[in-house]
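The values are calculated or read from the model by the stated rules, or taken from the named source; none is laboratory data. Everything numeric in this text was worked out from a predicted model, so none of it was measured. Glycine gets a Cβ as well: all are built from the backbone with ideal geometry, and neighbour counts include every protein chain shown.
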Ligand SMILES: Cc1cc2nc3c(=O)[nH]c(=O)nc-3n(C[C@H](O)[C@H](O)[C@H](O)COP(=O)(O)OP(=O)(O)OC[C@H]3O[C@@H](n4cnc5c(N)ncnc54)[C@H](O)[C@@H]3O)c2cc1C
Ligand code: FES
């Protein structure tokens with residue numbers, strides 16, 4: 001398999017496309033958009049904090065209005081762009097690419113600028129192993145160090161897949177250049193089809209990152225709750241590992257809730273057990289939504305929805321802990337609204353990534 005292709009199927013950093021300059025109308029900040037970057041990737045690379053969350057067209061946080069110039073809409077049907085946005089001519093910066101110099105209306109904020117600007121690199125697969133029947137761990141290797149915060153993600157540009165897909169790191173930043181990803185197969189999914197059916201040790205692709213704002217808040221003085229659904233395991237493991245590495249789990253407790261559909265889908269316990277063996281105060285709470293299966297594995301643990309189990313376990317003290325969550329959008333949204341609307345948890349204490 002060859003090094004990765006871009007959002008349009010062209011080569012990463014396509015030299016044919018000439019760089020264009022984008023100006024933010026109100027502040028006058030300008031940045032260059034090169035190769036096959038979207039407006040969002042170019043802005044964040046240049047340290048201009050265009051608001052975003054998913055970098056995948058799902059959340060709608062990155063709306064911009066084009067004031068001048070030609071900007072192409074790469075995914076007109078993106079679910080994050082509402083009918084109202086369409087009527088108002090608003091675009092999603094993560095699905096927009098300027099073809100001329102342009103002026104855009106958006107309100108950048110420094111909170112969206114990471115202290116590690118995203119970089120595009122080539123990565124080689126160095127290990128692939130099964131986590132469950134439909135989840136696998138992939139370790140990618142880059143020549144330079146893997147520099148990211150616990151909870152962040154990278155975009156993979158896979159050959160034959162029309163647009164990049166995001167995957168969160170499960171490990172911690174390291175000088176060896178290793179990026180550990182946990183990928184769940186999506187039925188008929190374009191990227192996961194490649195990652196499961198044709199990607200093997202020795203193959204390479206382009207990766208771009210780190211991105212993401214749902215990172216470990218080491219300075220928050222509270223106990224920690226991680227809630228993971230499916231492949232949301234990856235960033236929640238990174239948060240847990242980061243908290244342990246920072247020494248937070250010597251005097252703070254981390255409760256890790258893992259939501260699985262069936263008993264055969266439960267995973268993450270072994271990784272957490274190894275942190276407990278090193279002295280981390282971590283407890284693991286798997287919750288299964290469909291306990292009766294054909295797999296023959298009896299389930300005597302908790303059943304139901306993982307976000308409900310997590311909230312119930314902290315009844316009366318939901319605002320005393322720092323909440324981290326990753327996984328399917330319905331799960332993360334249900335947890336967020338239960339915490340904020342029903343329990344009055346301050347939004348600044350909830351950090352989540354929705355896996356659109
Ligand atoms: C922040 C974030 C972190 C994530 N982390 C993980 C993780 O750690 N592990 C994991 O397994 N999954 C993760 N995901 C989900 C992952 O990015 C993919 O959506 C998932 O693997 C399915 O991809 P697919 O190509 O197989 O499925 P498909 O159904 O082929 O594609 C689904 C996704 O591709 C994108 N897409 C589809 N069509 C277009 C288009 N025309 N233009 C642009 N984009 C398009 C959309 O984002 C859509 O949700 C994460 C998602 C996000 C947003
Ligand atoms: S960041 Fe663009 S839609 Fe989510």
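For the stretch 114-160, enumerate the residues that are within 16 Å of residue 184 (Cβ to Cβ) and part of a loop (DSSP other than H, G, I, E, B). Once the filter is applied, which keeps residues that are within 16 Å of residue 184 (Cβ to Cβ) and part of a loop (DSSP other than H, G, I, E, B), the stretch 114-160 yields 133, 134, 158.
Return a yes/no flag: does the stretch 245-256 have any residue that is within 21 Å of residue 183 (Cβ to Cβ) and either surrounded by fewer than 19 Cβ atoms within 10 Å (Cβ to Cβ) or away from ligand 2 (no atom under 16 Å from the Cβ) (or both).
Within the stretch 245-256, the first condition is being within 21 Å of residue 183 (Cβ to Cβ), and the residues that meet it are 256.
Pick out the ones that are also either surrounded by fewer than 19 Cβ atoms within 10 Å (Cβ to Cβ) or away from ligand 2 (no atom under 16 Å from the Cβ) (or both) and you get 256.
Among the residues of the stretch 245-256, at least one is within 21 Å of residue 183 (Cβ to Cβ) and either surrounded by fewer than 19 Cβ atoms within 10 Å (Cβ to Cβ) or away from ligand 2 (no atom under 16 Å from the Cβ) (or both), which makes the answer yes.
Taken together, 273, 264 contain a single residue that is more than 16 Å from ligand 1 (Cβ to nearest atom) and modelled with pLDDT under 95, which is 264. As for the stretch 82-96, it holds no residue that is within 11 Å of ligand 2 (Cβ to nearest atom), at pLDDT 95 or above, farther than 21 Å from residue 165 by Cα and surrounded by 24 or more Cβ atoms within 10 Å (Cβ to Cβ).
Could you check how many residues of the stretch 27-39 are under 15 Å from residue 99 (Cα atoms) and in a strand (DSSP E or B)? Qualifying residue count for the region: 3. Against the list (1) surrounded by fewer than 24 Cβ atoms within 10 Å (Cβ to Cβ); (2) within 13 Å of ligand 1 (Cβ to nearest atom), the condition residue 229 fails is (1).
Of all residues in the stretch 112-158, those that are within 25 Å of residue 226 (Cα to Cα), more than 18 Å from the chain's Cα centre (by Cα) and surrounded by fewer than 17 Cβ atoms within 10 Å (Cβ to Cβ) total 3.
When restricted to residues that are within 16 Å of ligand 1 (Cβ to nearest atom) and either under 16 Å from the mean Cα position of the chain (by Cα) or within 13 Å of residue 98 (Cβ to Cβ) (or both), the stretch 51-79 contains 16.
Just one of the listed residues (132, 142) is more than 16 Å from ligand 2 (Cβ to nearest atom), in contact (Cβ under 8 Å) with a residue 24 or more places away in the chain and touching a helix residue (DSSP H, G or I) at 6+ places or on another chain (Cβ under 7 Å), namely 132. Cβ separations smaller than 6 Å between residues 6+ apart or across chains give no pair from the stretch 230-259 residues that are more than 20 Å from residue 130 (Cβ to Cβ) and free of Cβ contacts under 8 Å to residues at least 12 places away in the same chain to residues that are within 16 Å of ligand 2 (Cβ to nearest atom) and part of a strand (DSSP E or B). Residues in the stretch 177-187: is at least one more than 19 Å from the chain's Cα centre (by Cα), within 10 Å of ligand 1 (Cβ to nearest atom) and either within 23 Å of residue 95 (Cβ to Cβ) or buried (at least 18 other Cβ atoms within 10 Å of the Cβ) (or both)? No - not one qualifying residue is present in the stretch 177-187. Within the stretch 177-197, the set of residues being under 22 Å from residue 229 (Cα atoms) and either modelled with pLDDT under 95 or in a loop (DSSP other than H, G, I, E, B) (or both) comprises 185, 186, 187, 188, 189.
A count restricted to the stretch 161-176 and to residues that are in a strand (DSSP E or B) and within 9 Å of ligand 1 (Cβ to nearest atom) stands at 5. Looking across the stretch 24-39, just one residue is over 25 Å from the mean Cα position of the chain (by Cα) and crowded, with 18+ Cβ neighbours inside 10 Å, and that is 24. When the stretch 40-54 is limited to residues that are assigned to a helix (DSSP H, G or I) and crowded, with 22+ Cβ neighbours inside 10 Å, the one that is farthest from ligand 2 (Cβ to nearest atom) turns out to be 42. Being touching a strand residue (DSSP E or B) at 6+ places or on another chain (Cβ under 6 Å) and assigned to a helix (DSSP H, G or I) is the filter; apply it to the stretch 308-335 and report the residue that is farthest from ligand 1 (Cβ to nearest atom). Looking at residues that are touching a strand residue (DSSP E or B) at 6+ places or on another chain (Cβ under 6 Å) and assigned to a helix (DSSP H, G or I), I get 309.
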